[in-house]
Amino acid sequence: MKQGIRVIDSDTHVNPSMDVLLRYADPPLRERLDDLAPYLRKVKVSPGRGDAEDEGQATILSIKQLRYSRVAGAKPSAPTGAEGDRGFLSARTHMVTRRPITARVADDNARGRLADMDTEGRDIDFIIPGAWAYGAPALASHLTRGLVDAYHRYMAEYCATNPRRLKSMVLAPATDPAASARAIEKLAKDDWVAAVWPLLPEGLPVDDPDLEPIWAAANGADLPIMYHGFTIETPYFPGYRDVWENPAMSRCAGQTWGGQRFLSFMLMGGMLDRHPRLRVATLECGHGWLPHWLVRLTRQIDYVRGSVSPTLKHTPLEYAQMGRVFCGIDFSEGIELTRAVIDILGDHILMFESDYPHPETIYPDHAETVIAWRQSLGEQATQKLMWENAARFFRLTSTPW
């Protein structure tokens, strides 16, 4: 709690090294670890970012990472090796935190995370894995399932430190909808489980009818569907070939385009009609675009007749007005865009997020800085932004209060 306001952070991260994640591997994955070897590499560990600073380097899973490096206005530079960095953002971002993030909170230090949460005033952290999870469906099916199951066991132990405050999601690879549905049904009652993240291989639409078991299982468990924007790992983002290999443009466009595509097809595909308890959210994709996109998409569906099923019950704008759509805020978009979204769509959609422990966080001041917007947003809208909307979106079986 901060300044008398409860705080749910809808976008925080772990990024366990493979040494940590593989502690939770089952025997079938352990017997096939050699199959993972082509995707493993060593990277340097930067201090103050929640990694294992005492080890100097970490082993990560790099499946098909983009390596954008062209500086705007310049010719492309010669390709460099992938060793020692985590992708095209490495050495291009820096922490602006007032205090360092506690070491190993992104690996296995759940108690350190809770201490950081207390310092900042965050009551609940919703925890999202790194880009390896986004790219996992590109691997052989036995590797995908083995890694996803290992993450679930890892996260169950991590969140067990305080399951009222630490929450995460069921990873649901779309390469095996039946197995993903079984995982949802198995894990749904666990305190730490608060959402489902469908992980798509390249080329598979999120509204493909074959994914119906995932939607049915999530609806049965009253678990919402979330999407988190990533830009460096397969299946990449819409238009990734058309940003001319510039990392700033890729970051600016990629997360937004990915969120827009996900949300569009979730709202046009009929899943929310067939499954009335489903709710959908985009995280780390920005939020200022949301009113424009929903209005424009609603118009285009009407203009381009036949682009959705005639049995679709509502427009994208109506689904949002009904409380089926949520969106995490990008702090950098500021109070003006936040107020504009609330003015146009209502105060029931936006959720606080900080990206802790990644460089976009301004820990330990992130929550306090956004709460200060209440002078403009008003008390009710601020309460909803900081915790009430997230409490409605996530299926929280327990809370600190």
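Descriptive notes on the structure:
- Linear extension gain, GLU157 paired with ARG67, 0.36 nm per residue minus alpha-carbon span: 29.0 nm
- Distribution of pairwise C-alpha distances over the stretch 123-176, 10 Å bins, in %: 24, 50, 22, 5
- Distance histogram for the stretch 243-350 (every C-alpha pair counted, 5 angstrom bins, percent rounded to whole numbers): 2, 12, 22, 23, 19, 12, 7, 3, 0
- A simple rule links phi to the HN-Hα coupling: the Karplus curve 6.51 cos²θ - 1.76 cosθ + 1.60 with θ = phi - 60°, which for the stretch 125-136 gives 10, 8, 10, 10, x, x, 5, 4, 5, 4, x, 4 Hz, with x for Gly and Pro.
- Burial order of peptide ranges 292-303, 184-195 (average beta-carbon count within 10 Å, highest first): 184-195, 292-303
- Coupling constants for the stretch 371-379 follow from the phi torsions by the Karplus curve (6.51 cos²θ - 1.76 cosθ + 1.60, θ = phi - 60°), and in residue order they are 4, 5, 5, 5, 4, 9, 7, x, 5 Hz; glycine and proline get x.
- For the chain, projected area of the alpha-carbon convex hull averaged over all directions, nm²: 19.0 nm²
- The stretch 1-72: GluC sites (Glu not before Pro) falling in loop per DSSP and having at most 15 other Cβ within 10 Å: GLU31
- Set of lysines with alpha-carbon distance to LYS44 below 20 Å, sequence-local pairs under 8 removed: LYS64
- Of the residues LEU147, THR93, PRO224, the one whose Cα sits farthest towards the positive end of the charge dipole of the chain is PRO224 (charges of +1 on Lys and Arg Cβ, -1 on Asp and Glu Cβ, taken about the Cα centre).
- Descending by average beta-carbon neighbour count within 10 Å, the peptides 311-323, 383-395 line up as 383-395, 311-323, the highest first.
- Near the amide H of SER168, within less than 5 Å, lie the amide hydrogens of ILE127, VAL193, ALA194, all on another chain or at least 5 residues away, with H placed in the peptide plane.
- Burial ranking of peptide ranges 108-116, 367-375, 229-237 (average Cβ count within 10 Å, highest at the top): 229-237, 108-116, 367-375
- Filter on LYS313/LYS384; LYS2/LYS189; LYS167/LYS384; LYS189/LYS313; LYS186/LYS313 - keep pairs with C-alpha separation over 23 Å: LYS313/LYS384; LYS2/LYS189; LYS189/LYS313; LYS186/LYS313
- Nearest-20 debye value, the chain charge dipole, Cβ charges on Lys, Arg, Asp, Glu: 320 debye
- Global form of the stretch 139-297, assessed from the alpha-carbon gyration tensor, a/c cut-off 1.5: prolate
Readers should treat all values here as calculations from the given coordinates under stated rules, not as data from a laboratory. Model, not experiment: these values are computed from the prediction. Heads up, the Cβs are rebuilt from the backbone with ideal geometry, glycines too, and the neighbour counts pull from every protein chain shown.
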